[in-house]
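> Just dropping this structure here.
The values are calculated or read from the model by the stated rules, or taken from the named source; none is laboratory data. The structure displayed is predicted, hence computed values, not measured ones. Heads up, the Cβs are rebuilt from the backbone with ideal geometry, glycines too, and the neighbour counts pull from every protein chain shown.
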Amino acid sequence: MLKQFKNVVLSTLLLTSTNVLACDIDGKTGFMPDNDMWISADQKSSSGMTEEIFNHVIDRAIEHYEPVIAEKGKKLKVFRKWTDGTVNAYAKQAGSTWEVHMFGGLARHEAVSADGFALVLCHELGHHLAGAPKVTRFFMKTWASNEGQSDYWATMKCFRRIYGQDDNISIVSAMNIDPLVADKCDKMWDSAEDKALCMRSSQASKGLATLLNGNRPVSFATPDKSVVSKTNHKHPAGQCRLDTYFAGALCTKDLHDEVSNSDQTAGVCNRFEGFKDGVRSQCWFKPNRI
């Protein structure tokens, strides 16, 4: 009887806090922890971001993921808040509409390139689509994939889907690619196109991770060595998030190998399968199989 009462109370709390839950997990804190940064629309972006590029990045994501979400019986709605100086982004579910809110303030930040902005958008789509592990509240799973999983999926699936057909070899030839990134991408992937795409998405994540680390340096050569005792559903530290983005780029699982909302080993690179690179970092993720 007591157990039944507890279940009723927990269910009631979860149901009555749906809007608060969506806002608290993916609204107030969003892509990065709550902050007071503000970059107004009249401040020119040092990274070359313009409203045209902002919209183009969003358009490309919608082109690829609107049909994916429609297949699930849902509608994707992306809010383009170019004039809003908020340095963040968030996802929310409102009935059958899956929302992503993108802000001009984040896009204009000096550490955020156009590719970096695309990774943020992928991260927010990941809250809807990245699968397990899911954020838990009141001992129950919510709709949202957690922060680390959304980062991992952003490079592992989303960026590859959107930008996989670009001339990535030419694009990367004009970029300053970290030697360690170039070496690992070269070893993990077979085709020149896939190697270049791996380098492109990895390099895009470094600026984001620097921002997420409070503008303190991060490095591909100094991965976070901490090991969690249980999966961290909140925002990992900046270096840990860089490691996770890089791991996603190095994961060679087929793009169309689907993730699962219940099985955190589906569609991803796992240690028990023999993968050493491309696996989720234990600085936030606790595997249920080794």
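> Which of the numbered conditions does residue 88 fail, given that it passes all the others? Conditions: (1) within 13 Å of residue 125 (Cα to Cα); (2) under 16 Å from the mean Cα position of the chain (by Cα).
That leaves (1) as the condition not met.
> If you don't mind, another one. Just to be sure I understand, how many residues within segment 268-290 are part of a loop (DSSP other than H, G, I, E, B) and either modelled with pLDDT under 95 or aromatic (Phe, Trp, Tyr) (or both)?
6
> Only one of (1) modelled with pLDDT of 95 or more; (2) out of contact with any Lys or Arg (no Cβ under 6 Å at 6 or more places or on another chain) fails for residue 64. Which number is that?
In the conditions (1) modelled with pLDDT of 95 or more; (2) out of contact with any Lys or Arg (no Cβ under 6 Å at 6 or more places or on another chain), residue 64 misses (2) alone.
> Also: Would segment 232-247 turn up any residue that is surrounded by fewer than 21 Cβ atoms within 10 Å (Cβ to Cβ) and over 28 Å from residue 110 (Cα atoms)?
Yes, because at least one residue in segment 232-247 is surrounded by fewer than 21 Cβ atoms within 10 Å (Cβ to Cβ) and over 28 Å from residue 110 (Cα atoms).
> Scan segment 256-290 for residues that are more than 22 Å from residue 143 (Cα to Cα) and surrounded by 14 or more Cβ atoms within 10 Å (Cβ to Cβ) and jot them down.
Within segment 256-290, 269, 270, 271, 275, 277, 278, 279, 281, 282, 283 meet the criteria.
> Further question: Condition first: hydroxyl-bearing (Ser, Thr, Tyr) and surrounded by fewer than 21 Cβ atoms within 10 Å (Cβ to Cβ). Now tell me which residues in segment 141-199 satisfy that.
Result: 142, 163, 170, 173, 191.
> Consider residue 143 carefully, then state whether it is assigned to a strand (DSSP E or B) and in contact (Cβ under 8 Å) with a residue 40 or more places away in the chain.
It is true that residue 143 is assigned to a strand (DSSP E or B) and in contact (Cβ under 8 Å) with a residue 40 or more places away in the chain.
> Take the conditions without any contact (Cβ under 8 Å) to a residue 60 or more places away in the chain and not β-branched (Val, Ile, Thr) and apply them to residue 264. Does it pass?
Criteria not met by residue 264.
> Could I ask something else about it? Among the strands (runs of 3 or more DSSP E) confined wholly to segment 63-132, which include 1 or more residues that are surrounded by 19 or more Cβ atoms within 10 Å (Cβ to Cβ) and of a type in the set (Gly, Ala, Ser)?
89-94
> Sticking with this one: Considering only residues that are more than 9 Å from residue 199 (Cβ to Cβ), small (Gly, Ala, Ser) and in a helix (DSSP H, G or I), which ones fall in segment 164-186?
170, 173
> Here's something else I'd like to know. Just a yes or no: is a residue in segment 231-239 in contact (Cβ under 8 Å) with a residue 24 or more places away in the chain, under 23 Å from residue 160 (Cα atoms) and assigned to a helix (DSSP H, G or I)?
Yes, because at least one residue in segment 231-239 is in contact (Cβ under 8 Å) with a residue 24 or more places away in the chain, under 23 Å from residue 160 (Cα atoms) and assigned to a helix (DSSP H, G or I).
> In segment 209-219, which residue that is surrounded by 21 or more Cβ atoms within 10 Å (Cβ to Cβ) and within 17 Å of residue 250 (Cβ to Cβ) is nearest to the chain's Cα centre (by Cα)?
Per the criteria, the residue is 209.
> Within segment 243-267, can you find the residues that are touching a strand residue (DSSP E or B) at 6+ places or on another chain (Cβ under 8 Å), assigned to a loop (DSSP other than H, G, I, E, B) and not polar (S, T, N, Q)?
251, 253
> Output yes when any residue across segment 206-228 is touching a Ser or Thr at 6+ places or on another chain (Cβ under 8 Å), in a helix (DSSP H, G or I) and more than 23 Å from residue 32 (Cβ to Cβ), and no when none is.
no
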